[in-house]
1. Taking the stretch 46-59, which residues are touching a strand residue (DSSP E or B) at 6+ places or on another chain (Cβ under 8 Å) and in contact (Cβ under 8 Å) with a residue 12 or more places away in the chain?
2. Given the criteria at negative phi, of a type in the set (A, V, I, L, M) and either surrounded by fewer than 16 Cβ atoms within 10 Å (Cβ to Cβ) or touching a residue at least 40 places away in the same chain (Cβ under 8 Å) (or both), does Ala34 qualify?
3. What is the number of the single condition among (1) touching a strand residue (DSSP E or B) at 6+ places or on another chain (Cβ under 9 Å); (2) surrounded by 12 or more Cβ atoms within 10 Å (Cβ to Cβ); (3) at pLDDT below 95 that Glu62 does not meet?
4. Which one of Met77, Met85 is of a type in the set (A, V, I, L, M) and closer than 12 Å to Ala7 by Cα?
5. Looking only at the stretch 48-70, how many residues end up being farther than 14 Å from Thr15 by Cα and either in a strand (DSSP E or B) or under 12 Å from the mean Cα position of the chain (by Cα) (or both)?
6. What's the total number of residues in the stretch 17-26 that are in contact (Cβ under 8 Å) with a residue 12 or more places away in the chain and closer than 15 Å to Val75 by Cα?
Amino acid sequence: MTNASIALKALGDPTRQLLFEHLAKRPLAVVDLANVVPISRPAVSQHLKVLKDAGLVIARREGTRHFYQVDPKGVEMMRQYLDRMWDKALASFKAFAEHESRNRGEEKNEP
């Protein structure tokens with residue numbers, strides 16, 4: 001599985017996606033994240049572990065609290081992956097449109 005596949009799979013869960021969206025705004029402690037989602041603190045920690053293992057968030061400890069934030073390297077990796085897919089999709093669409101245009105031109109020239 002590629003890094004992008006792991007990250008996409010991690011973000012495929014609605015709860016992890018919501019946590020990631022909150023962390024995109026600012027770093028937050030686990031306790032703060034637990035207040036914005038309808039799951040327990042241990043469940044939040046488990047979801048954050050999945051996001052961390054996928055390279056999407058990083059953690060730091062301050063005393064007894066763990067703060068999480070979006071990992072810019074992980075976001076950049078996802079952006080590059082999506083850019084490559086977008087470029088391929090556009091190239092494929094262009095080739096299809098040109099093929100269709102040529103076919104229509106040939107149909108008009110037939111007696």
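1. Of the stretch 46-59, the ones touching a strand residue (DSSP E or B) at 6+ places or on another chain (Cβ under 8 Å) are 48, 51-52, 56-59.
Across the stretch 46-59, the qualifying residues are Leu48, Leu51, Lys52, Leu56, Val57, Ile58.
2. Working: at negative phi: yes; of a type in the set (A, V, I, L, M): yes; either surrounded by fewer than 16 Cβ atoms within 10 Å (Cβ to Cβ) or touching a residue at least 40 places away in the same chain (Cβ under 8 Å) (or both): no.
Against the criterion (at negative phi, of a type in the set (A, V, I, L, M) and either surrounded by fewer than 16 Cβ atoms within 10 Å (Cβ to Cβ) or touching a residue at least 40 places away in the same chain (Cβ under 8 Å) (or both)), Ala34 does not qualify.
3. (2) is the only condition that Glu62 fails.
4. Numbers: Met85 fails: closer than 12 Å to Ala7 by Cα.
Just one listed residue meets the conditions, Met77.
5. First pass over the stretch 48-70, keeping only residues farther than 14 Å from Thr15 by Cα: 52-70.
Of the ones still in play, those that are also either in a strand (DSSP E or B) or under 12 Å from the mean Cα position of the chain (by Cα) (or both) are 54-62, 65-70.
So the answer is 15.
6. If we filter the stretch 17-26 for residues that are in contact (Cβ under 8 Å) with a residue 12 or more places away in the chain, which is where we start, we get 18-20, 22-24, 26.
Pick out the ones that are also closer than 15 Å to Val75 by Cα and you get 19-20, 22-24, 26.
So the count comes out to 6.
Yes/no per residue for (1) crowded, with 16+ Cβ neighbours inside 10 Å; (2) assigned to a helix (DSSP H, G or I); (3) at pLDDT below 95; (4) out of contact with any helix residue (DSSP H, G or I) (no Cβ under 9 Å at 6 or more places or on another chain):
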residue: Arg16; (1), (2), (3), (4): yes, yes, no, no
residue: Leu19; (1), (2), (3), (4): yes, yes, no, no
residue: Leu23; (1), (2), (3), (4): yes, yes, no, no
residue: Gln46; (1), (2), (3), (4): no, yes, no, yes
residue: Met77; (1), (2), (3), (4): yes, yes, yes, no
residue: Glu106; (1), (2), (3), (4): no, yes, yes, yes
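The values are calculated or read from the model by the stated rules, or taken from the named source; none is laboratory data. As the structure is a prediction and not an experimental result, all values here were calculated from the model. Heads up, the Cβs are rebuilt from the backbone with ideal geometry, glycines too, and the neighbour counts pull from every protein chain shown.
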